[in-house]
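Note sheet for the following structure.
The values are calculated or read from the model by the stated rules, or taken from the named source; none is laboratory data. Since this is a predicted model, take the numbers as computed values, not measurements. Glycine also receives a Cβ, built like all others from the backbone with ideal geometry; neighbour counts cover every protein chain displayed. Just so you know, the surface numbers come from the protein's heavy atoms only, side chains and all, with ligands and any DNA or RNA stripped out. Shrake-Rupley method; radii C 1.70, N 1.55, O 1.52, S 1.80 Å.
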Amino acid sequence: MVENLLPSRFHFHLHRLDTKRRLTSLLASHKTTLFTFLWIAAFGSVFLWQRTAYIGGGSGTSPVGGKFTIFGRIKPIQPLPRLRPVVFDLKDFGGVGDGFTLNTEAFERAVISISKLGKNSGGGQLNVPPGRWLTAPFNLTSHMTLFLAEDSEILGVGDEKYWPLMPPLPSYGYGRERPGPRYGSLIHGQNLKDIVITGHNGTINGQGQSWWKKHQRRLLNNTRGPLVQIMWSSDIVIANITLRDSPFWTLHPYDCKNVTIKSVTILAPVTGAPNTDGIDPDSCEDMVIEDCYISTGDDAIAIKSGWDQFGIAYRRPSTNILIRNLVVRSVISAGVSIGSEMSGGISNVTIENLLIWNSRRGIRIKTAPGRGGYIRNITYKNLTLDNVRVGIVIKTDYNEHADDNYDRKAYPTLSGFSFSGIHGQGVRVPVRIHGSEQIPVRNVTFRNMSVGLTYKKKHIFQCSFVKGRVFGSIFPRPCENFDVYDEEGRLVKAAAESNVADIDYDI
């Protein structure tokens, strides 16, 4: 369960020490009675198991089919809801959920049947029943609901020969890892409207282990494909499913509008699974990500909008994005990142009610000369950092470029960052903001910040070429580059004019 992955100090302790002592005393005084009761219960359980464990005499003709049961009862199967006027079952198209049979044609036939219903019909629903459904990549269609039943798992075939090659994204110009074409996603859609991927927490599993190994050994000639990628589409809902072990980025909405991602679990090994970002909104508008758990081998969330001159020319920003009520972990990178591919601009982003645990960084904003574009009006509220090496990072020299033809004078602008209610413990460096003379960081505001440090050392609040304000009590103390105000908004101390990087404190 997800909650078992959280640090133990976040679990509620339901029994206090004095309760434990009373219980110990009670057990000691009634030892014989308790032993007799447990013996009778155990004997009765064995008797009932022998009587009912194999319903129907093990013939396999009963509904249980000879499966082990407890007291003759089996786990009830949740009925599948009817979310569209027309509902199909993958088995109706020849699907076989044994984990070995390739079901690509079954998925394709089902999608074609839904596409023929027409937009005025209300669309169609494809149910994926319990089982393990191996498939090569397939496309979705408009007005479609893909519903994954409990204990259903869509498995991506591991051999890359089954994965089609696609042109590079127009705002990237190249494959993100290799020049030329890129592999498509396992579940793909483009130029669509009204798409739903949901279920009773069924799973889409990219089986990315072979991809990761080939990438690390440089055996791939093309950029790996995402697990789920929806492009140039609108009115998208992805909810109540698990996504795991993507070959590359896990969930990649590209140039989409009106997107909701809710109650999604995204998993990959925290090491050895390169570039398995959780959710990468890319040139997206009007988007909500909420109530998710993400633990992957790269950024849990990374907001993007194109790469260098290609992103500048494409001119599609990511804007109006709300991220809330998440638990995230990133041992390699950061809980929530913005950039570094941000050349189309990123603005009006709110991130609130976030727990980041056992991670290298909490929040990271990254860019570089040549990116162009802007990052502005970014709000962070109610963040908890638990055992995070660096809490907040703004970096302006992330020099990774598509090619050598980028404009070296295309400087991004960074302004309008608000941080409030930032708390936590076990943080080595709470804040590291490094602008530059060409890319200063402007209008940074801190309110209500209290972060427990792993130990006392210098450089715990690191700043250069940054200008901002602090309101009320802040721990640790900010750099000299910040105006300090009291709770009523009265200026207490004006910022220093210096942009020296090492104006830090030893607390």
Identify the residue in region 479-492 that is touching a Phe, Trp or Tyr at 6+ places or on another chain (Cβ under 9 Å) and open to solvent by 20 Å² or more (accessible area, probe 1.4 Å) and, among all such residues, is farthest from Ser436 (Cα to Cα).
-> Glu487
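So, of the residues in region 93-111 that are touching a Ser or Thr at 6+ places or on another chain (Cβ under 6 Å) and under 12 Å from Ile154 (Cβ atoms), which turns out to be most open to solvent (accessible area, probe 1.4 Å)?
Once the filter is applied, the top-ranked residue is Thr104.
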Test for Val451: is it touching a Leu at 6+ places or on another chain (Cβ under 9 Å), hydrophobic (A, V, I, L, M, F, W, C), over 25 Å from Phe310 (Cβ atoms) and in contact (Cβ under 8 Å) with a residue 60 or more places away in the chain = yes
Name the single residue, out of those in region 386-413 being outside any loop (DSSP other than H, G, I, E, B) and either under 20 Å from the mean Cα position of the chain (by Cα) or of a type in the set (Asp, Glu) (or both), that is nearest to Leu326 (Cα to Cα).
-> Asp386
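Right, Arg361: more than 22 Å from Asp407 (Cα to Cα), at pLDDT 95 or above and of a type in the set (D, E, K, R) or not?
Working: more than 22 Å from Asp407 (Cα to Cα): yes; at pLDDT 95 or above: yes; of a type in the set (D, E, K, R): yes.
Answer is yes for this residue.
Output the number of residues of region 372-419 satisfying the condition of being of a type in the set (A, V, I, L, M), farther than 23 Å from Thr350 by Cα and out of contact with any Phe, Trp or Tyr (no Cβ under 9 Å at 6 or more places or on another chain).
Pass one, region 372-419, residues of a type in the set (A, V, I, L, M): 375, 378, 383, 385, 388, 390, 392-394, 402, 410, 414.
From what is left, the residues that are farther than 23 Å from Thr350 by Cα are 402, 410.
Filter once more, so that each one left must be out of contact with any Phe, Trp or Tyr (no Cβ under 9 Å at 6 or more places or on another chain): 410.
Adding up the residues that qualify gives 1.
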Taking the residues in region 358-415 that are in contact with a strand residue (DSSP E or B) (Cβ under 7 Å, 6 or more places away or on another chain) and on the phi > 0 side of the Ramachandran plot as candidates, determine which candidate is least open to solvent (accessible area, probe 1.4 Å).
-> Asn358
Scan region 171-193 for residues that are closer than 23 Å to Leu140 by Cα and among the charged types (D, E, K, R) and report the count.
-> 2
Give me the pairs, please: first residue somewhere in region 108-120 and under 14 Å from Val87 (Cα atoms) and in contact (Cβ under 8 Å) with a residue 12 or more places away in the chain, second residue anywhere and polar (S, T, N, Q) and open to solvent by 40 Å² or more (accessible area, probe 1.4 Å), beta-carbon distance under 9 Å, and either six or more positions apart or on two chains.
-> Val111/Asn139
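Rundown of residues vs (1) buried (at least 19 other Cβ atoms within 10 Å of the Cβ); (2) of a type in the set (Phe, Trp, Tyr); (3) out of contact with any Leu (no Cβ under 8 Å at 6 or more places or on another chain), yes/no style:
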site	(1), (2), (3)
Arg218	no, no, yes
Gly225	yes, no, no
Ala268	yes, no, yes
Glu285	no, no, yes
Tyr293	yes, yes, no
Ala302	yes, no, yes
Between residues in region 303-315 that are modelled with pLDDT under 95 and residues that are open to solvent by less than 50 Å² (accessible area, probe 1.4 Å), which pairs lie under 6 Å by C-beta distance while being six or more apart or on different chains?
-> none
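Every residue in region 166-175 that is open to solvent by 50 Å² or more (accessible area, probe 1.4 Å) and within 17 Å of Met342 (Cα to Cα), please.
Filtering region 166-175 down to residues open to solvent by 50 Å² or more (accessible area, probe 1.4 Å) leaves 167, 170, 174.
Pro170, Tyr174, listed by residue number.
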Working only within region 107-156, note down all residues that are β-branched (Val, Ile, Thr) and over 22 Å from Met231 (Cβ atoms).
-> Val128
